[in-house]
Amino acid sequence: MSSRPPDELPNTLPRPAGEFERLQAVWKRPRGWRVLTQVNNTAIGLWYIGAALLFLVLGGILALIMRTQLVVPGNDLVDYDLYNQLFTMHGSVMMFLFAVPVIEAIGILLLPAMQGARDLPFPRLSAYAFWAYFVGGLVFFTTIFFDLAPDGGWFMYPPLTSYEFSPGLRTDFWLLGIGFIEISAIAGAIEIVVGILRTRPPGMTLDKMPIYLWAMLIVGAMIIFGFPPVILATALLELERAFHWPFFLAEKGGDPLLWQHLFWLFGHPDVYIIFLPAAGLVSMMVATMAQTPLIGYRWIVVAMLATGTISFALWVHHMFATGMPHLSLSFFSAASMAVAIPAGLQVFSWIATLWRGNVQRTTPTYFLLGFFGVFVLGGLTGVMLAVVPYDWQAHDTYFVVAHLHYVLIGGMLFPVFAGIYYWAPLISGRQLSERMGTWACTIMFIGVNLTFFPMHIAGLLGMPRRVWTYADGYGLEIYNLLSTVGAFVFAAGIGIVLLDLLLHFRPAGKVNTNPWRAGSLEWLPQDEYAIRSIPFVTNRDPLWANPSLPEEVDAGQHYLPGTATGVRETIVTSPIDARPQYVLRLPGSSWLPVLAGVGTAVFFLALTVKWMVIAVLGAIVALVSILMWLWQSDPAPSGKLFDIGGGLSLPDYMTGSNSHSWWSMVVLMLVDGSIFACLIFTFFYLWTVTLSGFPPESLELPLIGSSVAAALAWAVSVAAMYVSNRMLPQKRMGAVGLTLTAALAGVWIAFGLSLHALLETNLQPQLHGYASTAYTTVAWQGLHAVLLTLMAGFTLVRLWLGMIDPVRRVVFDNTRIMWYYCAAQGVLALLVMSSPRLAM
Amino acid sequence: MESSHSASVLHPASDSGAALIDQLGTALYVGGAIIFVVVMALAIYGVFAKARAINARGWILGGGLAFPIVTLTVLLMYSLAVGNGLNAIGSSNALQLFLECFGIGDARERTPADGLLRVHVVGKQWWWEVRYEQPGRQEVILANEIRMPTDRAVELVLSTTDVIHSFWAPSLAGKVDMIPGRTTRLRLQTSEEGTFRALCAEYCGGQHALMALYVVTQETTDFDAWLASQARPANEPTDPFLKTGYDAFFRGECHECHTIRGTPAEGTSGPDLTHVGSRKSLAAGTLNNHIGTMAGWIAGAQDVKPGNKMPSSLAYSGVELRALSAWLGSLE
């Protein structure tokens, strides 16, 4: 149905009386202090960006203190201990509290508008991600004031960061603080991926998506696979610190390089997670500024896919100096060079687009030029660092400090600031100051080069990274002086942008402006309800293809001109060809995501300082809020069809793979599975590097009998779930509940037997890397048993209350999918733990 | 610190691995600069010139695809050749190594020279233990300075007893990490006599910034004589003033952490001091070594290098401190 555009406009004028007022009413945002309960992505996105900019300023202040310390050799403005905290916090804040959040925030703000959706599918999830990040991030930052800030570097290499060499709380703040901010990032990624795949406007096939949607889709996928390694790594290091379970201690069957593999398996994709969305913004802005469609659309999509893929194959280039064989380094050297090819391809597409058009010479364009200058230089030094012998010299020196700041500032900050000037009118209805913007861009460009270009030379003159002072007489003085001056110049440039925002940026209600004459949907007239009606998209640049589109949309002549179901809603379309499938009813403002987010932050932070009562309270608040929010998340289907215009009538409920909820469940399991895959990697990695045997001969393997019995228990549990699923369509609700309960019993029996297989041996998790990994694997199953218990309990209560039936079954289906996944994981875990038997 | 020593990638010692990498670096800087200027010129022209019809396919396939693929392929082969050359000491020309990949030129077998000198370097927070292997004889344990002959390749065997460190002598070679549970290796060679600074390049906690040492290269005969003298136990104090220093050393806690061969001092948690007077620096490349800095270091170790494991010894009288510093300085 409806994969072709309608012959005439779907809805006629005049629109019925009251339709517009009802639409306004359901989307009306809360006022006063209840403004905190907002869940609308456009509102949350704005706060999210604001919070990220706050952390940019805070992280920047740390950098200015460091630059002041380094202005002359032997300076004593700060001591070594504070300096080590400063550089650790600067890196951590910029990467985890600014860079990743700001790209997700921009996505959450712009995506609904760019894809003509009223909102993305999980507004409360976005609100939760924001609150957890904002509260948790602020508390994490304040550790610097209490001499409690982490001091192991943002890369946190053990054994320096393990219990022997970093006792105290500093490292724990990093591990727990950053650990849960990653969870917030994943929540954002789920919203973004499912949002892009399922809430595009009719007709916007994958091939017609604005390039930014492609960038965010790829980046969402990268977060899903890229963050799990570091989530696991932080958990393992915390286990090692808190309980002395060895994972990274060489003398106990661990390996410090395991951390480096896991960290950079995240850390390198993370660079592209930061860069690709910015590249997507650049593609959008370049086309508009040149007033001509982007040249090489498909090539750019392929280039971004290639970047995303290759970025997972070059983490070892952070480890060229670890003494690995030259031959194995060669592969990663080649991959690191290869990733320059898609970047170059995009650069040439942009330049070609600029050549073809008459470019509007305004602030966003100047920032884009700054982006070219800074990013291309950073890319070229990146190729240099991919050259193994050269890296042996440049690695861990200020040359790398220069390189990474060129790449990140050029590849992310300049495009984002270009974007601030470009998209600000979309929110406030008017442009920022052209005069201030031009000055800011010029000063920032001078500042960034004055700060970071001399660092290349300082590095080559022998200045290593992460030093609180340096010796005089090696020619470093002048370059450090220049860098310090440059840092303040750069900060002044950023200050002008912030001042401009302060003076000239006020979110407006209704906005109808397109100052750069762009062709993409976000420039349709916007209000709190987003756009009045949702057009059928036939072109990559719909506003250029149909200049009267804004008037038609705003008059309500396209799809869904009011509220069909009487609540907030948007159209769900099929993931590839964007055929309309159903009207998704969206949740409204609520305190629950705020409480859940704050509760989560409190739980993790109180756990760090071992305030157990507060931690438990935080966990309860978070859990109860999340359960209450989930309780409201599967409204009963009305059974009716809703006319959205053009002869299209859509239901308000769908199940199976048509459901947006199914997609988010699948994405969540990919995250879960990636974490588990990293755990398996840990197991086999330690096996290959441990010379003392894995496990050593003094240790036993898990009991074979209990392991087999545990696997059988998983099988029984799955069988019970299967039967439960067959009973549901037959409306035999008692049997559904009974088999579900039996399935849950099976889970706990399986977990108990898996644990028994370890407890009845001489394995103790503190003894050896094998034992710690085995116990962690079983503990992971225990965590899932708890999760399944919550899900089963939730499902059973709803079953009992008649809130699940053969039609309204999304809750049941989600539980069922998770069940099968956990069973597969549980059996695989048993096999892996026992696999050393095969080698005997 | 005085500055006559080289610690720069850009000023490599003659015939060293660093010299080979420097040739590679020059190619990278020149190539990078040309590409940068061309790309920026194209971008600026695109912004400021009037619209024109362009060959989109040509731009993308030519500039975006073919150009980087060709350039990077050549670069990759060049870099692999240099990397292999660094493993096989004996070549000093990066271009020659590259051409040999295509069968051009003389691909001699590059086996290491006979009589490879093996030196164990152990990273510690925040100093270096240095042990010289002597075939058939007991190894010589020293600290915080490496000497090597100019006509023999040296293999450094790198390890650590605490956290990860990285050994880097910029004028001599690239860096290699020192990782718990592993030993790594680094070949050093140069034909140039001189003093070269080396540093810890991997962040190793508190005083990572103050963890350096000097590598002194000298002719083989000088080196052999030096090593022989370093193998001998410390000299007895010859005059009463030095004897006062000797006594002060043992009245304090010094001997609990330091070894001075030929005396009862057999501690091992701090650097060996048997010939500390012959070293160029104190506190792992932090201070120049003379009697004044020695006294300052003993009395103010926690002021010079806060957080290091050596306490400031405040119990000595002025005379004792001077005598102790003089005695230690006399241990050449």
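The values are calculated or read from the model by the stated rules, or taken from the named source; none is laboratory data. On a predicted model such as this, the values are computed, not experimentally measured, just so you know. Neighbour counts are summed over all protein chains in view; Cβ atoms, including those assigned to glycine, are modelled from backbone coordinates with ideal geometry.
Computed quantities for the displayed model
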read-out	value
Some residue of region B:299-319 being more than 26 Å from the chain's Cα centre (by Cα), closer than 18 Å to B:Trp127 by Cα and in a loop (DSSP other than H, G, I, E, B)	yes
Long-range neighbours under 6 Å by Cβ, at least six apart or interchain, first residue modelled with pLDDT under 95 within region A:365-382, second part of a helix (DSSP H, G or I)	none
Residue, nearest to the other protein chains (Cβ to nearest Cβ), within region B:64-74, restricted to residues that are surrounded by fewer than 22 Cβ atoms within 10 Å (Cβ to Cβ) and free of Cβ contacts under 8 Å to residues at least 12 places away in the same chain	B:Leu72
Only listed residue being out of contact with any Gly (no Cβ under 8 Å at 6 or more places or on another chain) and under 19 Å from A:Ala636 (Cα atoms), chosen from A:Asn814, A:Asn762	A:Asn814
Residue count for region A:377-394, restricted to those that are over 28 Å from the mean Cα position of the chain (by Cα) and facing chain B (nearest Cβ under 7 Å)	7
Residues satisfying the stated conditions in region A:354-365, i.e. more than 7 Å from chain B (Cβ to nearest Cβ) and crowded, with 23+ Cβ neighbours inside 10 Å	A:Thr363, A:Pro364
Filter pass, A:Gly267 being in contact (Cβ under 8 Å) with a residue 40 or more places away in the chain and buried (at least 23 other Cβ atoms within 10 Å of the Cβ)	no
Condition check for B:Leu86: out of contact with any Cys (no Cβ under 7 Å at 6 or more places or on another chain), part of a helix (DSSP H, G or I), touching a residue at least 60 places away in the same chain (Cβ under 8 Å) and at the interface with another protein chain (Cβ under 7 Å from one of its Cβ atoms)	yes
Number of positions in region B:136-185 that are more than 26 Å from B:Leu287 (Cα to Cα), touching a residue at least 24 places away in the same chain (Cβ under 8 Å) and within 8 Å of chain A (Cβ to nearest Cβ)	2
Conditions (1) under 47 Å from the mean Cα position of the chain (by Cα); (2) more than 8 Å from chain A (Cβ to nearest Cβ): number failed by B:Leu42	(2)
The listed residue being within 11 Å of another protein chain (Cβ to nearest Cβ), within 26 Å of B:Ser171 (Cβ to Cβ) and of a type in the set (Val, Ile, Thr), out of A:Val374, A:Val400	A:Val400
Near pairs, Cβ below 9 angstrom, 6+ apart or cross-chain, from region B:246-266 (in contact (Cβ under 8 Å) with a residue 12 or more places away in the chain) to any residue that is assigned to a loop (DSSP other than H, G, I, E, B) and among the basic types (Lys, Arg)	B:Cys257/B:Lys309; B:Arg261/B:Arg232; B:Gly262/B:Arg232
Count of region B:281-332 residues which are surrounded by 19 or more Cβ atoms within 10 Å (Cβ to Cβ) and among the basic types (Lys, Arg)	2
Per-region count, region A:300-316, residues within 12 Å of another protein chain (Cβ to nearest Cβ) and either at pLDDT below 95 or surrounded by fewer than 21 Cβ atoms within 10 Å (Cβ to Cβ) (or both)	2
Close pairs from region B:204-229: first more than 8 Å from chain A (Cβ to nearest Cβ) and in contact (Cβ under 8 Å) with a residue 12 or more places away in the chain, partner among the small types (Gly, Ala, Ser) and in a helix (DSSP H, G or I), Cβ under 9 Å, at least 6 apart	B:Trp226/B:Ser278; B:Ser229/B:Ser278
Strands (runs of 3 or more DSSP E) enclosed by region B:139-230 - at least 2 residues per element that are aliphatic (A, V, I, L, M)	B:145-149, B:154-160, B:176-178, B:184-188, B:194-200, B:212-218
Subset of region A:144-180 that is of a type in the set (Val, Ile, Thr) and buried (at least 23 other Cβ atoms within 10 Å of the Cβ) - its residue that is farthest from the other protein chains (Cβ to nearest Cβ)	A:Ile178
Residue identified as within 9 Å of chain B (Cβ to nearest Cβ), within 28 Å of the chain's Cα centre (by Cα), of a type in the set (S, T, N, Q) and farther than 21 Å from A:Leu265 by Cβ among A:Ser349, A:Ser333	A:Ser349
Positions within region A:625-642 being among the charged types (D, E, K, R) and surrounded by 14 or more Cβ atoms within 10 Å (Cβ to Cβ), in sequence order	A:Asp634
Per-region count, region B:38-55, residues hydrophobic (A, V, I, L, M, F, W, C) and farther than 14 Å from A:Thr292 by Cβ	8
Residue within region A:469-488 that is of a type outside the set (Ser, Thr, Tyr) and closer than 30 Å to A:Pro547 by Cβ present	no
Top-ranked residue in region A:317-330 [being among the hydroxyl-bearing types (Ser, Thr, Tyr) and within 11 Å of chain B (Cβ to nearest Cβ); ranked as surrounded by the most Cβ atoms within 10 Å (Cβ to Cβ)]	A:Thr322
Residue within region B:181-194 that is surrounded by fewer than 24 Cβ atoms within 10 Å (Cβ to Cβ), under 20 Å from B:Thr268 (Cβ atoms) and not polar (S, T, N, Q) present	no
Test for A:Glu434: is it away from chain B (no Cβ under 14 Å), surrounded by fewer than 18 Cβ atoms within 10 Å (Cβ to Cβ), acidic (Asp, Glu) and farther than 30 Å from A:Thr307 by Cβ	yes
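Yes/no per residue for (1) exposed (fewer than 13 other Cβ atoms within 10 Å of the Cβ); (2) more than 9 Å from chain A (Cβ to nearest Cβ); (3) under 30 Å from A:Val359 (Cβ atoms); (4) modelled with pLDDT of 85 or more:
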site: B:Ile54; (1), (2), (3), (4): no, no, yes, yes
site: B:Gly62; (1), (2), (3), (4): yes, no, yes, yes
site: B:Ser91; (1), (2), (3), (4): no, yes, no, no
site: B:Ala107; (1), (2), (3), (4): no, yes, no, no
